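The structure appears right after this line, and notes come after that.
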Amino acid sequence: MAHPADVLAELHTLRAENATLRARLASSSPKAATAPSPAHPPPVGVPFTQKTRLSNEEISRFSRQLLVPEIGVQGQLKLRNASVLVVGAGGLGAPAVMYLAAAGIGRIGIIDYDVVEASNLQRQIIHDESRVGMLKSESAKQTVSKLSSLCECTAYNILIDSSNAMDVIKKWDYVVDATDNVATRYLLNDCCIFRNKPLISGSALRMDGQLTVYNLEGGPCYRCIFPKPPPPETVTNCSDGGVLGVVPGIIGCLQALEVVKIVTGIGASLSQKLLIFDATTMSFRTIRLRGRTPSCAVCGPHPTITKPIDYVQFCGAGPDDKAHNINILPPESRISCHKYAALRLDAFPHVLLDVRDKIQYDICSLHHSLNIPLSELPKRIPELTAAATFGEHHEPNLPVFVVCRRGNDSQLAVKMLEETHGFTHVKDIVGGLEAWARGRDPTFPIY
């Protein structure tokens, strides 16, 4: 516990600082205390009062920030009069929203259609255990309300898409892309170009993070850098690839910092630059991006895209980061978890092939399964053949049942084994280990 004398000394210091700030305000002319027009004024029709002076409550609350020469009274007024839309209340959006509210942003919008899950809490610090099952947008709004009564917060429980993005984005000065999928990145980029809004874009996966700013100070847009989307099968999100929780926290904080810098005019933004963070070496580096591309379909002088398009069709993937099930096998090449469980109970001779990578296999697995990751399967066929060969036979004669996390990679494995390697008695287990946990064994972990 702090000594009473130390507490009194700190109290005197705070009072002196507040008195100094009030004196500065009192000596300022009305013209000097008036905030200059922001670069992106709030749109007409939005009930948001612009302020020209800070209240005593704001002076006290933001005193440490006001004492920063680059911020001061005018910078704090700019923050108070700014509005920011954060798309995604997950690993990136959580810290971004909290620090923007704490910094004094006057109005924050939060878009998220999902609900809080226990697996989110490792990185999405705006939520807590008591809110599992709650809408993320509402949970985030509750946190903002508890953090700062000075911030006006709007929750959008919507899946942002071509039908609503333009109407939502026009109401905000700045947009933060805190999403985890390619389709939404293109959507936000295009709509920010159409509405002339800066886009602060971040991403994080495993131990790495990236951050840049689009559509600001003559810099490029997302399409200038990536005219065409990557093949869907090459895109990995944190649900499949994993992420260390602190990494999106760092990038989300930096997104909030970029917003504060852009609003107040501090320093140089990350427009036409890409910040890359490597947590394994604790290193940051910045690389230069190309400028605006004259041939860009959206921001070029002769655009061919002038309104939102069908981004699911364009990207070949949906506008969310949820895992989607594929269905590429005929019914006779598949078996349900219930039927497979019955075979196990009857001690039916077979081989259970688990095609997850080793790191997932080490998390949990079914007993007596053979682990050969899908990526290694072609070169490890002899190993599978030996396991599936019983007695004096020289060819595989035991049926092979293939399992993975969700029942997608197992279908790819079955297709490969049948078409390329001549296996005739092979089936995938529908729904994978997640279906097994939900339908057969509630004690089996889901990750």
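Which of the residues belonging to segment 411-447 are at positive phi and buried (at least 23 other Cβ atoms within 10 Å of the Cβ)?
G432
Kindly indicate whether any position in segment 382-401 is closer than 30 Å to Q122 by Cβ and among the charged types (D, E, K, R).
There is no residue in segment 382-401 that is closer than 30 Å to Q122 by Cβ and among the charged types (D, E, K, R).
Quick check on segment 213-269: of everything there that is among the polar types (S, T, N, Q) and either part of a strand (DSSP E or B) or more than 19 Å from the chain's Cα centre (by Cα) (or both), which residue is nearest to L187 (Cα to Cα)?
The qualifying residue nearest to L187 (Cα to Cα) is N215.
Go through segment 411-447 and count every residue that is within 28 Å of the chain's Cα centre (by Cα) and either free of Cβ contacts under 8 Å to residues at least 12 places away in the same chain or part of a loop (DSSP other than H, G, I, E, B) (or both).
The number of residues fulfilling the criteria is 7.
Would you point out the residue of segment 107-161, among those that are crowded, with 22+ Cβ neighbours inside 10 Å and small (G, A, S), that is nearest to Q76 (Cα to Cα)?
G109
Check N325 against each of (1) touching a Lys or Arg at 6+ places or on another chain (Cβ under 9 Å); (2) in a loop (DSSP other than H, G, I, E, B); (3) modelled with pLDDT of 90 or more and name the one condition it does not meet.
The number of the failed condition is (3).
Keeping to segment 356-410, report how many residues are part of a loop (DSSP other than H, G, I, E, B), of a type outside the set (G, A, S), without any contact (Cβ under 8 Å) to a residue 40 or more places away in the chain and surrounded by 12 or more Cβ atoms within 10 Å (Cβ to Cβ).
6
Which residues, counting only those in segment 279-302, are surrounded by fewer than 15 Cβ atoms within 10 Å (Cβ to Cβ) and part of a loop (DSSP other than H, G, I, E, B)?
The initial filter retains those residues of segment 279-302 that are surrounded by fewer than 15 Cβ atoms within 10 Å (Cβ to Cβ), namely 280-288, 290-291, 294-295, 301-302.
Hits for segment 279-302 are T280, T281, M282, R290, G291, P294, S295, P301, H302.
Which residues, counting only those in segment 340-355, are in contact (Cβ under 8 Å) with a residue 60 or more places away in the chain and in a helix (DSSP H, G or I)?
Filtering segment 340-355 down to residues in contact (Cβ under 8 Å) with a residue 60 or more places away in the chain leaves 340-341, 353.
Y340, A341 - these are the residues of segment 340-355 that are in contact (Cβ under 8 Å) with a residue 60 or more places away in the chain and in a helix (DSSP H, G or I).
Quick one: count up the residues across segment 169-183 that are farther than 12 Å from D112 by Cα and modelled with pLDDT of 95 or more.
10
Condition check: farther than 14 Å from I158 by Cβ, under 15 Å from the mean Cα position of the chain (by Cα), among the aliphatic types (A, V, I, L, M) and part of a helix (DSSP H, G or I). Does A101 satisfy that?
So A101 fails the test.
The values are calculated or read from the model by the stated rules, or taken from the named source; none is laboratory data. Note that the structure is a prediction, hence the values are computed from the model and not measured. Cβ: placed from backbone, ideal geometry, glycine included. Neighbour counts: every protein chain shown.
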